[in-house]
Every structure is written in C-alpha cells, then in structure tokens.
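Working notes, structure below.
The values are calculated or read from the model by the stated rules, or taken from the named source; none is laboratory data. Since the model is a prediction, treat every value here as computed from it, not as a measurement. Cβ: placed from backbone, ideal geometry, glycine included. Neighbour counts: every protein chain shown. Heavy atoms of the whole protein, side chains included, go into the accessibility calculation; ligands, DNA and RNA do not. Shrake-Rupley method; radii C 1.70, N 1.55, O 1.52, S 1.80 Å.
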Amino acid sequence: MRTVAVVGASLAGLSAARALRKQGYDGRLVLIGDEPHRPYDRPPLSKEFLAGRVGEADLALEADGEDLGAEWLLGVRATGLDRADRSVRLADGRTLRADGIVIATGAAARTLPGSEGLAGVHTLRTLDDARALRDELARGGRLVVIGGGFIGAEVASTAYALGLDVTVIEAAPTPLAGPLGEAMGGIVSALHADHGVRLLCGVGVKGLSGERRVDAVLLEDGRSVPADTVVVGVGARPCVEWLEGSGVALDNGVTCGADGRTSLAGVVAVGDCANWYDPHTGSHRRVEHWTGALERPAAAVATLLAHGATEPGVPRPPYFWSDQYGVKIQFVGHAAGADSVTVEEGATDERSFLAVYRRAGTPVAVLGMNQPRLFTRWRKQFTA
Amino acid sequence: MMIPVCRLADLPRGEAYRLDIEPPVAVFHTEDGEVLAIDDTCTHQDASLADGWLEGCEVECPLHASKFDLRTGAVDAPPAKLPVRTHQVVVDDGMIYVRPSEAAPNLPPCVAARLGAGGPA
C-alpha cells in the first residue's frame, strides 16, 4: 500500500492517521478536510470555548511538534469516489488516487427549513459556528434553543452562565429520553429549571419570524417565543452525499462491519459517518460519540492494512459525557432495551447520583451525575 | 518537604488517594504493589486522576480518554498533550509520604485561567 487518503480531518480522521503510523504504515498519507482548520476538539465548542474560557489554540488536537509525515489538503471538499481506480474527486477539480481510503467525513448539523438567510439563527458543529455564536451571545438578550438534546442543553447552560435569558424548546414530552430513557431524561433535563432556564416540552416548532433578523420562534400550539438569538440543536446527519453512486453501501451513513470495512475493498469508514455493525446488539448503529471517533479508527486501520484479514477486537461500550450547569454527566452502555433503572448511590434531587440500567437483571448502562469515581468503577466493570 | 498522605494499609491495591494540596496530588497503589504519585489534575480538562481508571502503571482520566504513565507522567493517549508531574513517594513505618515536585505544573487551560485570576475558587 503506497498511498492512503483519509477523507475528513477531525478527530476520527486524525485518529485514523495516527493509527496508520502507529501500526507501521510508512507510505504516502494524505488528509483531506473541508474546513480550513487543522484538527480541533469539538466538545469544548458548546462549553468552555463558547464561554470564552479557552481559546482556539487550546482546541488543537495535535500535540506540539507532532508530525505524522502527512500531506494536508485543507479547505477542500471531497465530491466523489471512483471505485474503478479508488480515487477521490475534490471540489477544486483535483483527483487523488489511493490504495486505501479512510472515510471520516463526519456529520453535519441539521437545520430548520426556512431559516436560511435569517440573521441570528445558528447551529453549532464547527469552530466557525462557535465563533459566530460566541460573538452573538456576547450581545446578551434572549436566547431560544430549539432542541433539548445534549448540544442544546450545553448551549443553554453556557448562555445562562453568560447572563442571557434562555428558553429551551423540545418537541418530545421529555428531553434526552432517546439516549437516557424517560425517567433519567427527566431528571437530567430538570437542571434547566433548577437554574431558571425555561423548558417547553411536547411542542413542535412551526417556524421563525423576523424580517432580516429573527425576532421570535413560532410554536405549533400558536405561541410565539421572543428571541434575539436562536440556536437550532436538532441533531446531525451523516455527510455521505459525496459517496452516492460510488458503490460504497449507504444506509444512515456508511454501512460497515465491526472492523470498519465497507462494501468496497480498500475502503473503511470511521467516526460519526460510520454505521458500524455492533456484535453486542447484532445490529448496525451509528454512534456520534467523541470516544468512538477516538478509539475505533485503530480497528478500521488494522483492517485496511491487513487487506481485510483481521479479527475485530471487541469495542468498548459507547461512552459519552456532558457538562451542564456545573454538573458532570457521564453515560456508558445502551439504555434502549433496559427494563429497569435504579439509583444505586446518591440522590437524584441533589444532582449527584449513579443510576444503573438493567435488562433481566443484567446491567446494560450506567448514568452518573457528579460521580466520576463511582462511574469509572462501573465503566471498568462493563468493559472487563 | 515531605507531606504525610495516609497509611499504606488504608490504601488497598488498585486504589488512589487524592492529597488536597495546591495543586492536588494523586497517590496510586498499583495492583503490583507500587506506590506512585502524580499531579491529580488532568492536563486536558479539570478532572481528578485519582477518580480515574487504573490499569497497570497507567491511569485513564475519568472524563475523557487521556492516559498518563504513573512512572514518568508522560501522556500515553490523547486528548491531553502535556505530561503531569511525578512526585517522590516514601513509605516509612507504614506511612506514605510525598515530596512534591518543584517543577511548574501543566494545568489545563480552564484551571490555569482560574488560578491566574486570583486563586482557586
């Protein structure tokens, strides 16, 4: 293998490049990124960076002096993949032929139809998004967050700490019920009310009002919520349009095996765009977790370098964290399919507890609020 | 200066003790029976390594995935980019003591900013 192209230069792409070198690949390595920036860390964008507590230099994922011996093509988007000679087409007309390809194009924030061109409406996914939103929040005023998921909740928490008047709108009856289940979703989202942030649940958004700049969010029940700034946090879609017609099987992202292999030889997928086969559940799942983007590329790269002749290691169960209103939230495992949730330590009304999800008596997931030590023990037990 | 930590008998193998000095120090008793001390605060973000995941001679931060070598303080896995300091440990008459390093600590940006802005909150 003489040339490997990694398409996507965020955490998953960088982790793949690092894994290639660590696993002994010494050929030509090309990283392609549609953003102009070197790889940076996204979790702080909704928290410390948005609050102005850390700067752009702190977000850099590469260590000082780290040199992967790679060619970086930044600020250029991949527009196609040609299976005949395994080449990547770029938006500027160039074509890059490679022996191995790592697809790491991630996911993009979903937007609200009809909000295009209206000032004051933001999504939060990229550094440029965060810069723009940070400048906007510095003006103060009323912020309406559409979507009570983790991104929405973190933005609400950060904006509250900056002194804004904040409302969160969630279409489902309970925020976070998808990842955490109804009961725990309710407990975590009660953090909003603890801090005087309004949470409107079970009501959809009909649209936005405003001439050039947004001035209100219109709800399906006829209410109108005044807004100076709106953040749309309604999830992300995998960035795989560029692969349509390439022969790479797509279904909610790139369909791949437990080892990252796709339907094309010499092509693997990692990160938020990868819909991995999960041997634990016997189904494919696309997991948009930072930890997966960090850890799983090693398996995909091993597959690539071994031309598919590898046995995938058993991945650690999905783990994610969130920081809201000064509370650390950690979760590991799969809440779906649990038939019971028990608080094992602490108390939910003190926002310091550990809850264990079980299916037929067997632990399948753990949620911690402000319990990093106990949580770590449980997580370790899960992985062992 | 030697600072008393706790009795060795009170720190089982596989456990860690956080010494609340400024900045705090984490003292680990490994499964192999070694006692080692490093800075407690992860250099990536504000988290206590004493709460972390101890495996052999390496600890993983309880929040994200940074790993540090307890013997050298080196970063074994990102996102942390800077090492933690290591501290000399002495066990005398069943008591653990730590002699804090005099090198400058590598504190994460948030903590460094907080300390720089007038001391710990």
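Here B:80, B:50, B:26, B:9 are screened, and the one residue that is among the aliphatic types (A, V, I, L, M), closer than 18 Å to residue B:108 by Cβ and over 9 Å from the mean Cα position of the chain (by Cα) is B:80.
For the range A:333-343, a tally of residues being within 20 Å of residue B:63 (Cα to Cα) and at pLDDT 95 or above returns 0. Taking the range A:296-323 as the range and being closer than 13 Å to residue A:22 by Cβ, touching a Pro at 6+ places or on another chain (Cβ under 8 Å) and within 14 Å of chain B (Cβ to nearest Cβ) as the test, no residue passes. Starting from residues that are touching a residue at least 60 places away in the same chain (Cβ under 8 Å) and more than 24 Å from residue A:27 (Cβ to Cβ), keep the ones in the range A:274-291 and report whichever is surrounded by the most Cβ atoms within 10 Å (Cβ to Cβ). For the range A:274-291, the residue satisfying everything is A:290. Within the range A:217-233, being surrounded by fewer than 21 Cβ atoms within 10 Å (Cβ to Cβ) and touching a residue at least 40 places away in the same chain (Cβ under 8 Å) holds for A:219, A:225, A:226, A:228. Please go through the range A:21-51 and give me each residue that is farther than 16 Å from residue A:125 by Cα and open to solvent by less than 50 Å² (accessible area, probe 1.4 Å), ordered by number. Matches in the range A:21-51: A:25, A:27, A:29, A:30, A:31, A:32. The requirement of being touching a helix residue (DSSP H, G or I) at 6+ places or on another chain (Cβ under 8 Å) and either modelled with pLDDT of 90 or more or not in a helix (DSSP H, G or I) (or both) is not satisfied by residue A:265. Identification of strands (runs of 3 or more DSSP E) wholly contained in the range A:103-194 with 1 or more residues that are open to solvent by 30 Å² or more (accessible area, probe 1.4 Å) and not hydrophobic (A, V, I, L, M, F, W, C) yields A:142-146, A:165-170. Being at pLDDT below 95, in contact with a helix residue (DSSP H, G or I) (Cβ under 8 Å, 6 or more places away or on another chain), more than 14 Å from chain B (Cβ to nearest Cβ) and buried (at least 19 other Cβ atoms within 10 Å of the Cβ): is that true of residue A:355 here? No. Across the range A:263-273, the qualifying residues are those that are surrounded by fewer than 24 Cβ atoms within 10 Å (Cβ to Cβ) and among the aliphatic types (A, V, I, L, M), and the one among them that is farthest from residue A:302 (Cα to Cα) is A:264. Among residues of the range A:119-137 that are more than 11 Å from residue A:159 (Cβ to Cβ), those with a Cβ under 6 angstrom from a residue that is aromatic (Phe, Trp, Tyr) and not in a loop (DSSP other than H, G, I, E, B), sequence gap 6+ or separate chain, pair up as A:127/A:40; A:130/A:49. Residues of the range A:19-62 that are within 14 Å of another protein chain (Cβ to nearest Cβ) and in a loop (DSSP other than H, G, I, E, B): A:38, A:39, A:41, A:42, A:47, A:52, A:53, A:54, A:55, A:61, A:62. Of all residues in the range A:360-370, count the ones that are more than 18 Å from residue A:185 (Cβ to Cβ) and in contact with a strand residue (DSSP E or B) (Cβ under 8 Å, 6 or more places away or on another chain). Of the residues in the range A:360-370, 1 are more than 18 Å from residue A:185 (Cβ to Cβ) and in contact with a strand residue (DSSP E or B) (Cβ under 8 Å, 6 or more places away or on another chain). Close contacts from the range A:297-308, counting a first residue that is buried (at least 24 other Cβ atoms within 10 Å of the Cβ) and a second that is aromatic (Phe, Trp, Tyr), with Cβ to Cβ under 8 Å and a gap of 6+ residues or different chains, come to A:301/A:25. Applying the condition of being open to solvent by 50 Å² or more (accessible area, probe 1.4 Å) and in a strand (DSSP E or B) to the range B:53-85 and asking which residue is nearest to the other protein chains (Cβ to nearest Cβ) yields B:55. Scanning the range A:358-379 for residues that are within 19 Å of residue B:40 (Cβ to Cβ) and open to solvent by 50 Å² or more (accessible area, probe 1.4 Å), we see that the one that is nearest to the other protein chains (Cβ to nearest Cβ) is A:373. A single member of A:274, A:236 is under 23 Å from residue A:84 (Cα atoms) and not hydroxyl-bearing (Ser, Thr, Tyr), and it is A:274.
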